[in-house]
Amino acid sequence: MRPTRALALIAAAIALAACEKKQAPQPPAAAAAPAVGPAAGAPIVIGHVGSLTGDDATFGLSTEKGISLAIEDANARGGVKGHLLKLVSYDDKGKSEEAAVVTTRLAVDDKASIILGEVASSRSLAMASKADDFGVPMITPASTNPAVTRDGQKVRPYVFRVCFLDTFQGLVMAKFARETLKLSRVAILRDVGSAYSVGLADEFLARFRALGGTVVDDQSFKAGDQDFKAQLTAIRGKKPDGVFVPGYYTQVALIVRQARELGLRQPFMGGDGWDSEKLFEIGGRALDGNYYSNHYTPEDPKPAVQTFVRRFKEKYGSVPDTMAALGFDAANVAVDAMARAGDLSGSALRDAIAATKDYPGVTGGISIDAGHDAVKAAVVLKIEGGAPRLAATFAPEAAVAVPPSPASPAK
Amino acid sequence: MTEFLQHLVNGLSLGTIYALIALGYTMVYGVLKLINFAHGDVYMAGAFAGYYVAGALGAGERPTLPKALAVTLGAMVICGALGFVIERAAYRPLRERPRLTALITAIGVSFLLEYGFQLEPVRGLPVRFPPGPSPTYFPPLLSLGEPIELLGVSIPWIDVIGFGVAVALMVALQLVVFRTRFGTAMRAVSFDARTAGLMGIPVDRVIAWTFVLGSALAAAAAIISASRLPRIDPLFGLMPGLKAFVAAVLGGIGSVPGAMVGGLVLGLTEEYVAGYTASSWRDAIAFAVLILVLLLRPQGLLGRAHVEKV
């Protein structure tokens, strides 16, 4: 208890200090952000906020690994503008309020030039207003909820993302379910406490209906729930052809296991929140025959992807999941923007990130649009034999399914 | 109809866990008039004890019945010892103080276990202990076949086994309480500890063994629960602990059959509420049922004003 309390006190003190700064006559952005960046010889600090512990710990750990690899590369090239880069990573324990606190800490104490994170939308939403307040650019590697880069109708000036949106992901899964799997009756099971889950479920529901499908049931759960049998029994009673579960891997694995125990053999479908090696560890064989949309697949034969996968394996001994790949891309976009920016002030970096065009990322070409989002392709993976295999690729915008090329090892 | 019966099966298996944890609350309340708020965390510790024993025996890789029994008994023994230590170190020194002091100490012990288990693993230990805040996955202890199919209702084997084990444990407890010298001593302490002491009953020892028994039952509940839902973490005893407390009060705190009935009623209520309305209503309605029962029957479903308490 004591360290937690001490931390809370420090956080309160920092928050208080931040508030005082806000009352100063100059705008808060100018007050907190260093005008020209670090002194000669001092490293540039890149902040990372992630869930290094907790229910979705692999999200934060994988992202951190991807970011570290990118920063190592940049330092091997001699750093940026004569400064080496230094990663400062904080654990938010999977809690939104904690994410906001450590974002403040990165901006105020560590004088981070750019903050990377979070990957979960609810936590990125908690960070976004802080990034704007302190005038520190924030790039979220994987938060797909549209609201993350928006403040009402307005685009948040300092918040960017290098991934596609749930509007696209929902469309992709709806199209895949309706046109490829030919499902007509689908049930939804969503986490009502997660911005990501609710947003993606709504998108899927609207798109699936527009494509002529019926949504026969819409059940809910809360993060931390263990027992999903009540909802699954209700869903079973509606006899759907498939079930859409936009959740994070821990819950999804438990849900699918319990569904199979109840004799639900229909395909389960979900989004990028499924992607973690833990999914297979917890869910085991129950996961076979299910589908999820994702940002990339390590099986992609493109040289950029294969080089990244090989280097990641050499360093960490595991295949990089989607969070690792997006963390790598987000850090590279940040480094690229730093190199292009006139100086290392928050506003110059912001403009440089906003001007990112066709950056060749592992997860596809990254161009930041007017809404501070990236427009990218999506893949749909099928789980077979305890591993994800490419089932379809969807080009951006049009969302037309492209069957996997014969070169890829998909079966 | 199939759906209704399936909910019945799900609710019974959930209620079984609550009932087993509720026994620990009820027994301790019976002898000490203390709500042992650390009991949910003893349940959590039981799951981790099972996890470590299973790791030591290699029960996860090659599950066999003797190993499963060894894991369950091992966890029960470890948890019983933990219950003994908690009583000896935290509650006994405060025995003569006001009851509120003991209650606050119970909350302190609860936090100690919850946050102690979230610390970084100690270097040099053969196992990862404390386990840290990220979830851990409990290995399957038995390789069970496909669920039983009956009238379209699927009944997983683990639920059948869990229910059987729970009923057996509760019958055994009832026998201990009413058919043994120790049980008689327990009931005497529950009735009037001071007088029982004057009659030569070793009050402290009876209380210590009550904690050991209650904690061992919590460990059994934890093993059954973790076999059904393999995700365990240092905070996962919080909610089941609270629910089991509600179950104990619902059934009539101090009564062993009451804990069983209370647990099952609570499990079934939750299941039917979540199945037929929305899962967000689950806890709200379960607690509303508690309030309703307490308004109509303040002593709980099976509690009586003047019976011998356990």
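The values are calculated or read from the model by the stated rules, or taken from the named source; none is laboratory data. As the structure is a computational prediction, the values presented were derived from the model and not from experiment. Note that we place each Cβ from the backbone using ideal geometry, even for glycine, and neighbour counts take in every protein chain shown.
Would you check which residues across segment B:125-163 are more than 17 Å from B:A222 (Cβ to Cβ) and of a type in the set (G, A, S) and list them?
Hits for segment B:125-163 are B:G132, B:S134, B:S143, B:G145, B:G152, B:S154.
Would you point out the residue of segment B:230-277, among those that are in contact with a strand residue (DSSP E or B) (Cβ under 9 Å, 6 or more places away or on another chain) and among the charged types (D, E, K, R), that is nearest to the other protein chains (Cβ to nearest Cβ)?
B:R231
So, in segment A:242-297, of the ones that are of a type in the set (S, T, N, Q) and crowded, with 21+ Cβ neighbours inside 10 Å, which residue ends up nearest to the other protein chains (Cβ to nearest Cβ)?
Among those residues, the one meeting the criterion is A:T250.
Quick one: in segment B:76-89, which of the residues that are in contact (Cβ under 8 Å) with a residue 24 or more places away in the chain and of a type in the set (A, V, I, L, M, F, W, C) is nearest to the other protein chains (Cβ to nearest Cβ)?
Once the filter is applied, the top-ranked residue is B:I86.
So which of B:A247, B:A216, B:A259 ends up being in contact (Cβ under 8 Å) with a residue 12 or more places away in the chain, assigned to a helix (DSSP H, G or I), in contact with a Ser or Thr (Cβ under 8 Å, 6 or more places away or on another chain) and not hydroxyl-bearing (S, T, Y)?
On the way: B:A247 fails: in contact with a Ser or Thr (Cβ under 8 Å, 6 or more places away or on another chain); B:A216 fails: in contact with a Ser or Thr (Cβ under 8 Å, 6 or more places away or on another chain).
Going through B:A247, B:A216, B:A259 in turn, the sole match is B:A259.
I need the full set of residues from segment A:307-344 which are of a type in the set (A, V, I, L, M, F, W, C) and assigned to a loop (DSSP other than H, G, I, E, B), in order please. Show your work before the answer.
Just the residues of segment A:307-344 that are of a type in the set (A, V, I, L, M, F, W, C), to begin with: A:308-309, A:312, A:319, A:323-326, A:328, A:330-331, A:333-335, A:337-339, A:341, A:344.
Within segment A:307-344, A:V319, A:A341, A:L344 meet the criteria.
What are the residues in segment A:103-132 that are of a type in the set (A, V, I, L, M), under 18 Å from the mean Cα position of the chain (by Cα) and within 22 Å of A:A324 (Cβ to Cβ), if any?
Once the filter is applied, which keeps residues that are of a type in the set (A, V, I, L, M), under 18 Å from the mean Cα position of the chain (by Cα) and within 22 Å of A:A324 (Cβ to Cβ), segment A:103-132 yields A:I114, A:I115, A:L116, A:V119, A:A120, A:M127.
Identify all residues within segment B:115-129 that are more than 9 Å from chain A (Cβ to nearest Cβ) and crowded, with 18+ Cβ neighbours inside 10 Å; write none if there are none.
B:F117, the sole residue that qualifies.
Tell me whether segment B:13-35 contains one or more residues that are farther than 30 Å from B:T195 by Cα, in contact with a Lys or Arg (Cβ under 6 Å, 6 or more places away or on another chain) and in contact (Cβ under 8 Å) with a residue 40 or more places away in the chain. Walk me through how you get there before you give the answer.
Here is the first cut: in segment B:13-35, the ones farther than 30 Å from B:T195 by Cα are B:13-20.
Filter once more, so that each one left must be in contact with a Lys or Arg (Cβ under 6 Å, 6 or more places away or on another chain): B:18.
With the extra rule that they be in contact (Cβ under 8 Å) with a residue 40 or more places away in the chain, the set shrinks to B:18.
Yes, because at least one residue in segment B:13-35 is farther than 30 Å from B:T195 by Cα, in contact with a Lys or Arg (Cβ under 6 Å, 6 or more places away or on another chain) and in contact (Cβ under 8 Å) with a residue 40 or more places away in the chain.
Based on what the data block shows, is A:K239 within 14 Å of chain B (Cβ to nearest Cβ), of a type in the set (D, E, K, R) and at positive phi?
yes
Pick from A:V108, A:V119, A:V88, A:V80: which is among the hydrophobic types (A, V, I, L, M, F, W, C) and closer than 21 Å to A:V198 by Cα?
A:V119
Can B:G55 be described as over 17 Å from the mean Cα position of the chain (by Cα) and not in a helix (DSSP H, G or I)?
no
In segment B:141-154, what residues are in a strand (DSSP E or B), more than 9 Å from chain A (Cβ to nearest Cβ) and out of contact with any Ser or Thr (no Cβ under 9 Å at 6 or more places or on another chain)?
Selection gives B:L150 alone.
Quick one: how many residues across segment B:1-46 are away from every other protein chain (no Cβ under 11 Å) and touching a strand residue (DSSP E or B) at 6+ places or on another chain (Cβ under 6 Å)?
The total comes to 0.
Looking at this structure, is A:D73 of a type in the set (D, E, K, R), modelled with pLDDT under 95 and not in a loop (DSSP other than H, G, I, E, B)?
It is true that A:D73 is of a type in the set (D, E, K, R), modelled with pLDDT under 95 and not in a loop (DSSP other than H, G, I, E, B).
Return the residues of segment A:152-188 that are in a strand (DSSP E or B) and aliphatic (A, V, I, L, M); say none if nothing qualifies.
Matches in segment A:152-188: A:V155, A:V159, A:V186, A:A187, A:I188.
Does A:A304 fit the bill of being more than 18 Å from the chain's Cα centre (by Cα), assigned to a helix (DSSP H, G or I), at pLDDT 90 or above and closer than 17 Å to A:A377 by Cα?
yes
Listed residues A:I46, A:I67; which is buried (at least 19 other Cβ atoms within 10 Å of the Cβ), under 25 Å from A:E314 (Cα atoms) and more than 15 Å from the chain's Cα centre (by Cα)?
So the residue among A:I46, A:I67 that is buried (at least 19 other Cβ atoms within 10 Å of the Cβ), under 25 Å from A:E314 (Cα atoms) and more than 15 Å from the chain's Cα centre (by Cα) is A:I46.
So if I check each of A:A234, A:A230, A:A177, A:A187, which one is buried (at least 17 other Cβ atoms within 10 Å of the Cβ) and either in contact (Cβ under 8 Å) with a residue 60 or more places away in the chain or under 18 Å from the mean Cα position of the chain (by Cα) (or both)?
Values: A:A234 fails: either in contact (Cβ under 8 Å) with a residue 60 or more places away in the chain or under 18 Å from the mean Cα position of the chain (by Cα) (or both); A:A230 fails: either in contact (Cβ under 8 Å) with a residue 60 or more places away in the chain or under 18 Å from the mean Cα position of the chain (by Cα) (or both); A:A187 fails: either in contact (Cβ under 8 Å) with a residue 60 or more places away in the chain or under 18 Å from the mean Cα position of the chain (by Cα) (or both).
Every option except A:A177 fails the conditions.
Anything in segment A:345-399 that is part of a helix (DSSP H, G or I) and among the basic types (K, R)? List them, or say none.
A:R350
Taking the criterion of being in contact (Cβ under 8 Å) with a residue 12 or more places away in the chain, among the hydrophobic types (A, V, I, L, M, F, W, C), within 14 Å of chain A (Cβ to nearest Cβ) and closer than 27 Å to B:R92 by Cβ, would at least one residue in segment B:163-181 satisfy it?
No; the residues of segment B:163-181 include none that is in contact (Cβ under 8 Å) with a residue 12 or more places away in the chain, among the hydrophobic types (A, V, I, L, M, F, W, C), within 14 Å of chain A (Cβ to nearest Cβ) and closer than 27 Å to B:R92 by Cβ.
Find all pairs meeting these conditions: Cβ atoms under 7 angstrom apart; at least six residues apart or on different chains; first residue within segment A:198-222 and within 14 Å of chain B (Cβ to nearest Cβ); second residue in a helix (DSSP H, G or I) and of a type in the set (V, I, T).
The qualifying pairs are A:D217/A:I235; A:Q219/A:I235.
Looking at segment A:106-118, is at least one residue in a loop (DSSP other than H, G, I, E, B) and touching an Asp or Glu at 6+ places or on another chain (Cβ under 8 Å)? Explain how you work it out, then say what you get.
Initial filter on segment A:106-118 (in a loop (DSSP other than H, G, I, E, B)): A:109-113, A:118.
Those left that are additionally touching an Asp or Glu at 6+ places or on another chain (Cβ under 8 Å): A:118.
For segment A:106-118, residues in a loop (DSSP other than H, G, I, E, B) and touching an Asp or Glu at 6+ places or on another chain (Cβ under 8 Å): present.
Just to be sure, is B:G300 of a type outside the set (V, I, T) and part of a helix (DSSP H, G or I)?
no
For segment A:194-225, which positions are surrounded by fewer than 20 Cβ atoms within 10 Å (Cβ to Cβ), closer than 28 Å to B:G15 by Cβ and either among the aromatic types (F, W, Y) or more than 23 Å from the chain's Cα centre (by Cα) (or both)?
Selection gives A:D217, A:D218.
Could you list, in sequence order, all residues of segment B:274-310 that are more than 23 Å from the chain's Cα centre (by Cα), surrounded by 17 or more Cβ atoms within 10 Å (Cβ to Cβ) and at pLDDT 85 or above?
Within segment B:274-310, B:G275 is the sole residue that qualifies.
Checking the structure you have, find out if any residue of segment B:101-108 is within 14 Å of chain A (Cβ to nearest Cβ), part of a helix (DSSP H, G or I) and under 28 Å from B:A226 (Cα atoms).
Yes: one or more hits.
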